[in-house]
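Take a look at the structure set out below.
Values in this text are rule-based calculations from the coordinates and carry no lab data. What you see is a predicted model, and the numbers here were worked out from it, not measured in a lab. Glycine gets a Cβ as well: all are built from the backbone with ideal geometry, and neighbour counts include every protein chain shown.
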Amino acid sequence: MTTRVFLWLHGGCFGGGSNSSDVRQFLTKHGFRVVTPDFPRSQGLDACLGFLDKVVLQQQPSWIGGVSSGGFLAHALAQRHRLPALLLCPVMNPWQRHNSLITKHRSLQLKFFLDPRTIIASKQLEQDCKEARGTTESKQIRTKQLSLDRQKLFGTSSTTLHPEPLDEVEVLSVGEYQWLAAQEMKRAVDQVQVPPNAIRLIFYATQDDMAPEKEILPVVNDHVQLYPIKAGHELCKNPPFDAMLKALQNCTSIFHHEQI
């Protein structure tokens with residue numbers, strides 16, 4: 001029997017974290033070859049998903065999964081490839097939790113969502129504004145800078161990797177790009193927080209302020225199976241392996257006629 005591939009994405013406020021050996025051991029024990037890619041952490045959501053698209057095409061996973069912020073990415077990636085996914089404490093709306101994070105983690109999250117092309121466009125608009133200062137055109141440029149319409153600036157969203165992150169991204173905690181990064185994050189939530197087109201097994205903690213139930217409910221449809229567990233966000237570090245195994249066994253039996 002061909003070994004099935006499970007692509008697993010770690011959490012860590014998008015820019016930190018590492019893969020849990022416990023999750024790898026659990027999935028490996030039950031017949032999966034586990035792929036845990038080190039995705040781009042400061043080039044924007046489009047670049048990250050573009051990188052992960054290539055991983056999916058190369059590895060051909062039968063399942064995608066993720067924990068916390070990795071659950072957000074796993075849902076988005078599975079949606080792009082119509083694949084089933086297992087999400088553990090998924091942060092379906094990172095903007096909702098942003099102000100609750102400590103400064104370091106807010107910076108990591110902002111750095112992840114800020115597209116370097118936004119910085120380039122902002123700098124160019126600022127320069128254009130200085131050159132046209134005091135004119136009607138200056139006001140028009142300033143209005144465009146504040147709105148930063150991504151469609152007009154960049155065209156359709158690209159799935160290719162962007163250039164290396166700019167140095168300015170490193171000073172987001174006190175820099176001028178926080179507002180731009182926040183806009184990118186809100187756009188990403190609107191893009192990703194949608195009902196799935198394939199099975200979703202969602203394990204979430206009922207006392208979790210970082211990934212609350214109210215932010216998961218907008219994605220619920222007939223493809224979604226919810227598994228509420230009385231716990232907080234610490235569930236990420238103590239996954240309900242028995243319940244996860246049972247859910248995977250049920251889905252695998254129904255959809256693939258195999259046994260885990």
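Model label sites at residue 198 and residue 242, defined 7 Å from Cα along the beta-carbon direction, differ in position by 3.0 nm. Backbone amide hydrogens, once placed in the peptide plane, bring residue 224 within less than 5 Å of 200, excluding anything fewer than 5 places away on its chain.
The alpha carbon centroids of the range 197-248 and the range 1-56 are separated by 18 Å.
Packing order of peptides 78-88, 184-194, highest average first: 78-88, 184-194 (average count of other Cβ atoms within 10 Å over each peptide's residues).
Whole-Hz Karplus values for the range 89-102 come out as 6, x, 7, 7, 9, x, 5, 4, 9, 4, 6, 7, 7, 5 Hz, taken residue by residue from phi with 6.51 cos²θ - 1.76 cosθ + 1.60 and θ = phi - 60°; glycine and proline positions read x. For residue 28, neighbours were defined as the other residues whose beta-carbon sits under 12 Å from its Cβ, and their charges (Lys and Arg +1, Asp and Glu -1) total +3. Other residues with beta-carbon under 15 Å from the beta-carbon of residue 227 carry, at +1 per Lys or Arg and -1 per Asp or Glu, a net charge of 0.
Excluding residue 241 itself, calculate the net charge of residues whose Cβ lies under 14 Å from the Cβ of residue 241, where each Lys or Arg counts +1 and each Asp or Glu counts -1. In short, +2. For the range 23-128, the relative contact order works out to 27 percent when only alpha carbon pairs closer than 8 Å and six or more residues apart are counted.
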